1. Just to be sure I understand the filter: pairs with C-beta atoms under 6 Å, separated by 6 or more residues or on different chains, first member in the stretch 215-232 and in contact (Cβ under 8 Å) with a residue 40 or more places away in the chain and more than 20 Å from Val197 (Cα to Cα), second member open to solvent by 40 Å² or more (accessible area, probe 1.4 Å) and part of a helix (DSSP H, G or I). Which pairs pass?
2. Can you pull out every residue in the stretch 203-215 that is touching a helix residue (DSSP H, G or I) at 6+ places or on another chain (Cβ under 9 Å) and either surrounded by 14 or more Cβ atoms within 10 Å (Cβ to Cβ) or at pLDDT 85 or above (or both)?
3. State all residues of the stretch 189-242 that are assigned to a strand (DSSP E or B) and at positive phi; if no residue qualifies, say none.
Amino acid sequence: MTREQKKQKRNEVLTIMGLMALLVFTTRLWPILLLMMIGVFAYALWLLFHLEKQPEPPSPLLLGLPAPVSEETVLADAFSLLQRRITEQIVARYPDAKWIWAAADARERFEKGGELIILLNRAGGYRMAMVLVNHLQFCGLDYTAAEQTPPPVPETELESEEDDAPKPRQETVDYGLLAFEWVDANLQNLNAQCNEVIAQGKDTFRIFASQLPHGDSWPLICKELLRNGFASAEPLADGIQVQIKIK
């Protein structure tokens, strides 16, 4: 019974009691009305006590609507899931393999449906693979499509009639992959060198040019060192100066 119904019942009981009292005073039938009054008062008291003890029905619970999900959240979750699926498929086929994105704007390419390529290391001889995506969902990896080289460019006419030998094609070097492979192969030695430097009370050391690959890869090697936990790395004339994070 609701609070309004209880209040209405009380008013009805009090009204009956008032009418009975008024009837007693007007008719003065004391012997007959005395028993009726006792019964009415007893019933009224019982009814009031009974109404007070009845529990109120619980109010209906309002179901909260879920918060709206933004488009940015959906894209971020889809890109994170894509990276996990790539890692799972590569590790299942090549347990020791590692990979990185070939382009720094992989997230933007993913959102726009562009071409996605990853660089591989220790993946059975494959150096890169194309990520197949359909409607923001991972569909697999194509190791052969990314390995295909572009068609050869026709040679220009010789400017000099005396020089009849064709010019050799200049091979392009992927310094990003070169830096990734060098850091991955020398990371254990670099960590050991860090321990020696820390034991000497220092926080920097030099990787000399004789230990490094082509100089064009040094800035990319610095980025890979930062990615692997070093505080800073700066290419110099004779090598790379590395600073250690000391906790």
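1. Between residues of the stretch 215-232 that are in contact (Cβ under 8 Å) with a residue 40 or more places away in the chain and more than 20 Å from Val197 (Cα to Cα) and residues that are open to solvent by 40 Å² or more (accessible area, probe 1.4 Å) and part of a helix (DSSP H, G or I), the close pairs are Asp216/Tyr175; Ser217/Tyr175; Ser217/Leu178; Leu220/Tyr175.
2. Quick first cut of the stretch 203-215, residues touching a helix residue (DSSP H, G or I) at 6+ places or on another chain (Cβ under 9 Å) only: 203-205, 207, 209, 211-215.
Once the filter is applied, which keeps residues that are touching a helix residue (DSSP H, G or I) at 6+ places or on another chain (Cβ under 9 Å) and either surrounded by 14 or more Cβ atoms within 10 Å (Cβ to Cβ) or at pLDDT 85 or above (or both), the stretch 203-215 yields Asp203, Thr204, Phe205, Ile207, Ala209, Gln211, Leu212, Pro213.
3. First, pick out the residues of the stretch 189-242 that are assigned to a strand (DSSP E or B): 204-208, 232-235, 239-242.
Of everything in the stretch 189-242, just one residue is assigned to a strand (DSSP E or B) and at positive phi, namely Gly239.
For every residue, the table says whether it meets (1) surrounded by fewer than 14 Cβ atoms within 10 Å (Cβ to Cβ); (2) at pLDDT 90 or above; (3) more than 30 Å from Lys223 (Cβ to Cβ).
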{"position": "Met20", "(1), (2), (3)": "no, no, yes"}
{"position": "Phe25", "(1), (2), (3)": "yes, no, yes"}
{"position": "Leu48", "(1), (2), (3)": "no, no, yes"}
{"position": "Glu56", "(1), (2), (3)": "yes, no, yes"}
{"position": "Tyr94", "(1), (2), (3)": "no, no, no"}
{"position": "Leu119", "(1), (2), (3)": "no, no, no"}
{"position": "Arg122", "(1), (2), (3)": "no, no, no"}
{"position": "Tyr126", "(1), (2), (3)": "no, no, no"}
{"position": "Val131", "(1), (2), (3)": "no, yes, no"}
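The values are calculated or read from the model by the stated rules, or taken from the named source; none is laboratory data. Note that the structure is predicted; figures quoted are calculated from it, not measured. Don't worry about glycine lacking a Cβ; one is built from the backbone with ideal geometry, like all the others, and counts go over all protein chains shown. For the accessible areas, the whole protein counts, side chains as well, though only heavy atoms, and no ligand, DNA or RNA atoms are used. Shrake-Rupley method; radii C 1.70, N 1.55, O 1.52, S 1.80 Å.
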